[in-house]
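Below is one structure, written out as structure tokens; comments come after it.
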Amino acid sequence: MANKSSEELVQVLIDWGVKNIYGLPGDSIDTTVSALQEKQDQIKFIQVRHEEVGALAAAAEAKLTGKLGVCLSIGGPGAIHMLNGLYDAKMDHAPVLALLGQVTTNDLNEGYFQEINTPKLFDDVAVFNRTITSPDNLAEVLDEAIRSAYEHRGVAVLTIPDNLPDEKAAPYQSSAKSFHLNAPAVTDEQLQQAADLIKASAKPIALVGVGARNAGPAVTKFLETNHIPFISSMPAKGIIGDAHPNSLGNVGKLGTKPAYEAMKSADLLLLFGTNYPYKPYLPKPGTAKCIQIDLNPENISRRYPVDVAIQSDLGLVITALNKQGELRQDKRFLSACQKSMANWNQWMTAKTQIDDTPIAPEALASAIDKTAPDDLIYSIDVGTSTTWGARFIHAKPTQRYVISAWLGTMGCGLPGAIAAQQAYPDRRALTMCGDGAFAMVMQDFVTAVKYHLPIICVVLNNQKLAFIEYEQQAAGQLNYEINLADIDFAKFAESCGGVGYNVKNITEFKKALAAAYQEKDKPVLINAYVRDDAPLPGKIVGDEAKGYMKYGEEYLTSYWKIPELPPLKDIMRQFF
């Protein structure tokens, strides 16, 4: 007996294990939404207040679970709103499906109300991009779209004219149970070449990326056995614990000075499942050999000349190398890096103990870190929050840490926390956002209220776009239009039906954070008034130094006074 094609669509989603769909109903998608209502005991439709939040939440769920994230909207304006979140998924290689409504087939190509050319609009963001033309192929094309999203780790887009899901279609058997992705095999010759380079190295350094997500224990064993220091890329933070004795933190503008120095003195670079983009922070080409292990062949040699390239699953390769036992015994480089890191940590610890009003953001992030449950899920927004999270939150392998890594879109924190709490209802989710980033999506705090999601939202309120402030200065520009009007975010949270706290010192913050963990049925927002501390890079490189000097000259010329700068001792440590 034939079903509506919308019923077949929903069954395919169920077959693939989809549990949550984020979006808004509307006229050009309502026939699909109606079918979802019939199966609401198996798939939860989470109504957001803005389609961008729905797409960002779907992307975050995909990053956290490794499974398909799904979002849905009407065509026209709703579809356009989703683009930012879908680009976040594309650039972070998260499998996401976007279901878009469209005018009926009778009205297509007639310039009808809200009709836009969605296939053309989504062409760049999607690895799969189709418009459904017949009810008989809706389920089949959807099945193909999901396979493509998994295979290419990207965004699949289906545009569905609203009359088609209501029409009859033959039953369809999805490919969900039979679908498997097999990694390319590793040859003995490749393993031997890699082992030989590792044995010959005196100063090896590993850069660990998200390709290690399912191989954390194996990679940890390899690094420990062979006495190799490692650096985590930002999206890989916590795969190996930040507190691990071999860890040098992150490298780059958000990184540590020991990581920068280790990179520049290394004679062997191990790129483990990462496409790290910032070439100036890697060893100078020609000074280090390189082994790169990556499932995506497009990443091989993309950032650094590679001597041994292995296209395969990182876990398979590292497990094979671990079977060879200890490949190198020299601990001198690791010991030197650990001493350098101890000095860095001593400096960072001193900054976490600042007791000031407004709150030192370093102390705030440290308080979050020290009280975090072992299974906490962090969703960190873009801006100075990213810096303080990178420096002062020591993520554990039992925790999760999600960011907008490659797109770096402000406003990702709250949607990420909503998705985390929805996907893992037995764990707690915490987001740390700047006041600028939070204001971009703040309406969806009420979404967390509606669905009784006890997320903890920490807003760093310094009434300015602080990261942009320092970007302008590093570029030698005077600050312009970075100041923000203050918002009582705590009162806003209460008006939404949640819990809100205003805090102005670290004691008040700790008390509010402790109370937030006691709340089990409502989201909590802590509006924390913080100092405008400079998110200085671990190492100030030449162009940044020139920029700061130009900024100082411009400021002096324009205002006839010396600009307010970070403490001289902090600046000097970044140089030497």
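The values are calculated or read from the model by the stated rules, or taken from the named source; none is laboratory data. For clarity, every value in this text was computed on a predicted model and none was experimentally measured. So basically every Cβ, Gly included, is an ideal-geometry build from the backbone, and we count neighbours across all protein chains shown. Quick note on the areas: whole protein, heavy atoms, side chains included, nothing else; ligands and nucleic acids left out. Shrake-Rupley method; radii C 1.70, N 1.55, O 1.52, S 1.80 Å.
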Q) Under the classification rounded if a/c is under 1.5, otherwise prolate if a/b is larger than b/c and oblate if not, where does segment 373-470 fall, given a ≥ b ≥ c as square roots of the Cα gyration tensor eigenvalues? A) oblate
**Q.** Contour minus Cα-Cα distance for E38 and L484 (0.36 nm per residue)
**A.** 156.0 nm
Q.
What are the ³J(HN,Hα) couplings of segment 228-237, residue after residue, when phi is run through the Karplus curve with 6.51, -1.76, 1.60 and θ = phi - 60°? Round to Hz, x for glycine and proline.
A. 10, x, 9, 10, 9, 5, 4, x, 9, 4
**Q.** Spin-label pair S301/T187, simplified geometry with 7 Å Cα→Cβ offset, distance in nm
**A.** 1.5
Q | segment 318-471, accessible surface, carbon-and-sulfur percent (1.4 angstrom probe) | A | 52
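How far, in nm, would the chain grow between Q173 and N109 when pulled straight, counting 0.36 nm per residue and subtracting the alpha carbon separation?
19.8 nm
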(Q) Give me, ordered by chain and number, the residues 5 or more places off G75 or on other chains with an amide H under 5 Å from its own placed amide H. (A) S28, G101, Q102
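Express as a percent, rounded to the nearest 5, the fraction of DSSP beta bridges in the chain (both residues included) that run antiparallel.
In the chain, DSSP labels about 5 percent of beta bridges as antiparallel.
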Q | Using θ = phi - 60° and Karplus 6.51 cos²θ - 1.76 cosθ + 1.60, couplings along segment 309-317 (whole Hz; Gly, Pro as x) | A | 10, 10, 8, 5, 5, 4, x, 5, 5
Q) Roughly speaking, what is the centre-to-centre gap between segment 235-261 and segment 324-349 when only Cα atoms are used, to the nearest Å? A) 12
Q) Taking square-rooted eigenvalues a ≥ b ≥ c of the alpha carbon gyration tensor, is segment 1-122 rounded, prolate or oblate, where a/c under 1.5 means rounded and, failing that, a/b exceeding b/c means prolate? A) oblate
**Q.** Kirkwood Rh, Cα atoms: Rg over Rh of the chain
**A.** 0.99
**Q.** segment 264-352, relative contact order in percent, only Cα pairs under 8 angstrom and at least six apart counted
**A.** 21
Q | Kirkwood-type radius of segment 423-465, with distances r between different C-alpha atoms, in Å | A | 11.4
Q. If you average 1/r over every pair of different alpha-carbon atoms in segment 248-290 and take one over that average, what Kirkwood value in Å do you get?
A. 10.6
**Q.** Highest to lowest packing among 191-197, 500-506, scored as the average C-beta count within 10 Å
**A.** 500-506, 191-197
Q. Which whole-number percent is the relative contact order of the chain (Cα, under 8 Å, 6+ apart)?
A. 12
Q: Would you mind putting 265-273, 166-174, 241-249, 135-143 in packing order, based on average other-beta-carbon counts within 10 Å, highest first?
A: 265-273, 135-143, 241-249, 166-174
Q | Coil-residue GluC sites (Glu not before Pro) of segment 289-373, DSSP, other Cβ within 10 Å capped at 13 | A | E326
Q.
Which three numbers, in whole Å and largest first, are the semi-axes of the equivalent ellipsoid of segment 119-235 derived from its Cα gyration tensor as √(5λ)?
A. 45, 16, 12
Q. Relative contact order (percent) for segment 399-443, with alpha-carbon contacts under 8 angstrom and 6 or more residues of separation?
A. 42
Q: Kindly write out, for segment 370-375 in residue order, the coupling ³J(HN,Hα) from the Karplus curve 6.51 cos²θ - 1.76 cosθ + 1.60 (θ = phi - 60°), rounded to whole Hz, with x marking Gly and Pro.
A: 6, 10, 5, x, 5, 10
**Q.** chymotrypsin sites (Phe, Trp or Tyr not before Pro) within segment 26-130: DSSP coil, no more than 10 neighbouring Cβ in 10 Å
**A.** F113
Q | Placed amide H near N461: partners under 5 Å, 5+ positions off or other chain | A | A528, Y529, V530
Q.
Just the number: Rg to Rh for segment 211-297, Cα atoms, Kirkwood Rh, two decimals.
A. 0.92
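Mean projection of the alpha-carbon convex hull of segment 153-297 over all orientations, in nm²?
13.2
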Q. Along the Cα-to-C-beta direction of D532, a point sits 7 Å from the Cα; which residues of segment 466-496 have their amide N less than 17 Å from that point?
A. 466-487
Q) Which aspartates and glutamates does K19 reach when only Cα atoms under 12 Å apart count, and residues fewer than 8 places away in its own chain are ignored? A) D41, E61
